[in-house]
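Undergrad: This structure is in structure tokens; I'll ask about it shortly.
Read-outs throughout are calculated quantities, based only on the coordinates presented, and are distinct from any laboratory measurement. These numbers come from a predicted model, not from an experiment. Every residue, glycine among them, receives a Cβ derived from its backbone with ideal geometry; neighbour counts consider all protein chains shown.
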Amino acid sequence: MVDVPKTADIVIVGGGVHGASLAYHFARKKAGRIVLIEKKFIASGPTGRSTALVRRFYAMDFFTRTASAAAEMFRHWKDVVGGDGDPGFQQVGMLVLAGPDTAPYLRHNALRARELGAGVALLSPAEVKALVPAARVDDVALASYEAESGYADPSSTANALVNRARDLGATIIQYRRVDAIRIAGSRVIGVGSGPTGCCARSASRCRSRRHATRCASSAGRAGSARTRRWPTWSR
Ligand SMILES: Cc1cc2nc3c(=O)[nH]c(=O)nc-3n(C[C@H](O)[C@H](O)[C@H](O)COP(=O)(O)OP(=O)(O)OC[C@H]3O[C@@H](n4cnc5c(N)ncnc54)[C@H](O)[C@@H]3O)c2cc1C
């Protein structure tokens, strides 16, 4: 059982792939004392049940940029992330097929994605048939093809990131629920967690006595548990 630290620079709530990724990136940047708190186990939520596609473009620029960058990370995991973890990336390629009604949108999105640097080609129905001989293409007007895309194991991905974050000094706590976020003005000053919650100030200022027994976090900047200076707290 991992001890819950009394203070932290950064508290991450939830060990889905986003929390795992944050923990890894903050730890790699040596951003301070990092604590990730997950109420069950890593990837126990939607992450562990995801469709698992790793692809490079969407209809919005932001998603195309982030998906492309993430897909490159999957392709070069050992070099970029390191550690023993393996997200199980399989570069099988990805085809999106469009009929006559949706083909103009697919063309527009794929061309825009190419402008943003995403590796995507547009294929005619005959080219799709050449790539996948078993495919029926009589109702296909256009396809996009991402040769370097594929799928990965989302649970392994989150665990690989969390394990790497731990290697780099982050504290990972499972089976503990964050049940209170204490704020002062626009600042987060404490995080209450689990059956033995905590607070960043004195117990007498805690809403609930049971939150005052232990502390998982400390003072922070607006909007997150990122801290700048340490609070003191006492029972
Ligand atoms: C390799 C990969 C491929 C993917 N492919 C697709 C795809 O093809 N299509 C698609 O739609 N999506 C895909 N996704 C995205 C996926 O479906 C989810 O949307 C995504 O994983 C959600 O991650 P999350 O961290 O935001 O949330 P979650 O997975 O929901 O994680 C949140 C975590 O927070 C914990 N938690 C909640 N409340 C508390 C609390 N109070 N205290 C402590 N812990 C708490 C939960 O237990 C949970 O584990 C993919 C993801 C991966 C990793």
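Undergrad: Given H placed on each backbone N at 1.01 Å, which residues far from R177 in sequence or on other chains put an amide H within less than 5 Å of it?
TA: G194
Undergrad: May I ask you to evaluate 6.51 cos²θ - 1.76 cosθ + 1.60, the Karplus curve with θ = phi - 60°, for each residue of segment 124-133 and list the ³J(HN,Hα) values in order in whole Hz, giving x for glycine and proline?
TA: Coupling constants for segment 124-133: 7, x, 5, 5, 5, 4, 5, 6, 10, x Hz.
Undergrad: Using the Karplus curve 6.51 cos²θ - 1.76 cosθ + 1.60 with θ = phi - 60°, work out ³J(HN,Hα) for each residue of segment 2-18 in order, rounded to whole Hz, and write x for Gly and Pro.
TA: Whole-Hz 3J(HN,Hα) from phi for segment 2-18: 7, 5, 7, x, 7, 9, 7, 7, 9, 10, 10, 9, x, x, x, 5, 5.
Undergrad: Kindly identify segment 53-152 as rounded, prolate or oblate by the Cα gyration tensor criterion: order the square roots of the eigenvalues as a ≥ b ≥ c, call it rounded if a/c is under 1.5, otherwise compare a/b with b/c, prolate if a/b is larger, else oblate.
TA: Judged from the Cα gyration tensor, segment 53-152 comes out oblate (a/c at least 1.5, b/c at or above a/b).
Undergrad: Can I ask one more? Using θ = phi - 60° and the Karplus curve 6.51 cos²θ - 1.76 cosθ + 1.60, what whole-Hz ³J(HN,Hα) does each residue of segment 90-107 get, with Gly and Pro shown as x?
TA: Residue by residue, segment 90-107 yields 10, 8, 9, x, 9, 10, 10, 9, 10, x, x, 6, 9, 4, x, 5, 4, 4 Hz.
Undergrad: Another one. Can you figure out the FRET efficiency of A134 with T51, using R₀ = 35 Å and their beta-carbon distance, to the nearest 0.05? Show your work: numbers first, answer last.
TA: On the way: r = 22 Å, r/R0 = 0.63.
Given R0 = 35 Å and the Cβ-Cβ separation, E is 0.95.
Undergrad: What FRET efficiency comes out for V92 versus L116 if R0 is 22 angstrom and r is the Cβ-Cβ distance? Round to the nearest 0.05.
TA: The computed FRET efficiency comes out at 0.45.
Undergrad: Shifting gears a bit: Of the listed pairs K39/K78; K6/K40; K40/K78; K29/K78, which have alpha-carbon separations greater than 23 Å here?
TA: K39/K78; K40/K78
Undergrad: Now for a separate question. Could you tell me which of V17, V137, S50 has its Cα farthest along the dipole of segment 1-144 towards the positive end, charges placed at Cβ (Lys, Arg +1; Asp, Glu -1), taken about the Cα centre?
TA: The listed residue farthest towards the positive side: V17.
Undergrad: Describe numerically, in nm with one decimal, the distance between label points set 7 Å from Cα along Cα→Cβ at H18 and at T66.
TA: 0.7
Undergrad: Counting only residues 5 or more places away or on other chains, whose amide H sits under 5 Å from the amide H of I12 once H atoms are built in the peptide plane?
TA: V35, L36, I37
Undergrad: Name the GluC sites (Glu not before Pro) in segment 37-120 that are in a loop by DSSP and that have at most 16 other C-beta atoms within 10 Å, would you?
TA: Working: sites: E38, E72, E115; in loops: none.
In loop regions of segment 37-120 (DSSP not H, G, I, E or B), there are no sparsely surrounded GluC sites (Glu not before Pro).
Undergrad: Hey, can you grab everything whose amide H is under 5 Å from the amide H of R182? Only 5+ residues off in sequence or another chain; H modelled, so Pro and N-termini drop out.
TA: I189, G190, V191, G192
Undergrad: With a Förster radius of 25 Å, plug the Cβ-Cβ distance of Y58 and D179 into 1/(1 + (r/R0)^6) and report the FRET value to the nearest 0.05.
TA: Given R0 = 25 Å and the Cβ-Cβ separation, E is 0.10.
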